[in-house]
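Below is one structure, written out as structure tokens; the observations come after it.
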Amino acid sequence: MNDAVRTEFDIDTGIGAVVLDRPAQRNPLSTNVMRQVTAALRKLSVDPAVRVVVISAAGPVFSAGHDLSEMIDRTLEDEREIFDVCTEMTDTVQQIPQPVIAAVQGPAIAAGCQLAASCDLVVASSAAVFGTPGVRIGLFCSTPMVALSRSIGRKRALQMLLTGETIDADTAADWGLVNLVVEPDQLDAQTRALAAKITGASPLTLQIGKQAFYRQIDLPQDQAYRAMAETMATNAVTCDAQEGMSAFLDKRTPEWRGK
């Protein structure tokens, strides 16, 4: 298996990076690549020095989606394995304790769009486009639909899914798929600047908050409030919450101790 994913870590900033690295092939998400992404995320997730993870890609394309050559003349079990591996990858993005930012420099298509939409935050170059064109080749983008519809809502998701048309970065931001659109030469700097706004927070608190967000997002409102009231109560008695509140009252910088 050739390595198609690079893992990097900047000790000075606390930013870990997962880089798709098959630019000549448009960074396809083959089964092996998706497994490598999952493994890289899990490796970074257990390093206490890693405060934020950035997923990016080499070359002009973020990802063209699944490697379609894997999907011709295969059994149903083979096809199931591909989408199970993909689901595991995108689930892992949201399961690891650190916030994950996608830095999208170019087209993010089908499963590539799914990967970006699954990240906690997305910074996009103005050259980026997003699309779910599976309907045009007879394979509806059903798994990308899960992440997409949870980011931009039903009508806009269905517009992308049914027409197969791409949207540009500004439209993606307007629809809620992207947090920030920047000039292409500013993508790395602006992504790091966004990450820096997060790295000063307590890692323990970020973990609690990220996990709580995904737990409550699809609950009915009354259940969400009950669950989050309990979460805030248990958060409030942690060492870092006590330290943070005390530091605020004392007008000093908190010293985080939780992990």
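No lab work stands behind these numbers, since they all come straight from the coordinates. Being a predicted model, the structure only gives us computed values, none of them experimental. Reconstructed Cβ throughout: ideal geometry from the backbone, glycine too, with neighbour counts over all protein chains shown.
Observations on the model:
- Under 5 Å between amide hydrogens, built in the peptide plane, is the criterion, and for V182 it picks out A124, S125, S126 among residues at least 5 positions away or on other chains.
- Sequence ranges 175-186, 105-116, 142-153, ranked by mean other-Cβ count within 10 angstrom, highest first: 105-116, 142-153, 175-186
- By the equivalent-ellipsoid construction on the alpha carbon gyration tensor, region 203-250 comes out with semi-axes of 24, 11, 7 Å, ordered largest to smallest.
- For region 134-177, the Rg and Dmax computed from alpha carbons only, in angstrom: 10.0, 29
- Shown here are the Rg and Dmax of the Cα trace of region 143-246, at 17.9, 54 Å.
- Listing D12, D3 from fewest to most neighbouring C-beta atoms within 10 Å gives D12, D3.
- Among the listed values [x] 18.4; [y] 21.7; [z] 19.2, the one matching Kirkwood radius over Cα pairs in Å as calculated from this structure is [z].
- Packing order of peptides 246-255, 224-233, highest average first: 224-233, 246-255 (average count of other Cβ atoms within 10 Å over each peptide's residues).
- Here region 1-47 and region 195-226 have alpha carbon centers that stand 25 Å from each other.
- If you take the alpha carbon atoms of region 1-123 and fit the smallest convex hull around them, that volume is 98 Å³ per residue.
- When each of the peptides 209-220, 37-48 is scored by how many other beta carbons lie within 10 Å of its residues on average, the order from highest to lowest is 37-48, 209-220.
- Structure-based [θ]222 nm, the chain - -39500 (n - 2.57) summed over DSSP H runs of at least 4, per residue, nearest 500: -15500 deg cm²/dmol
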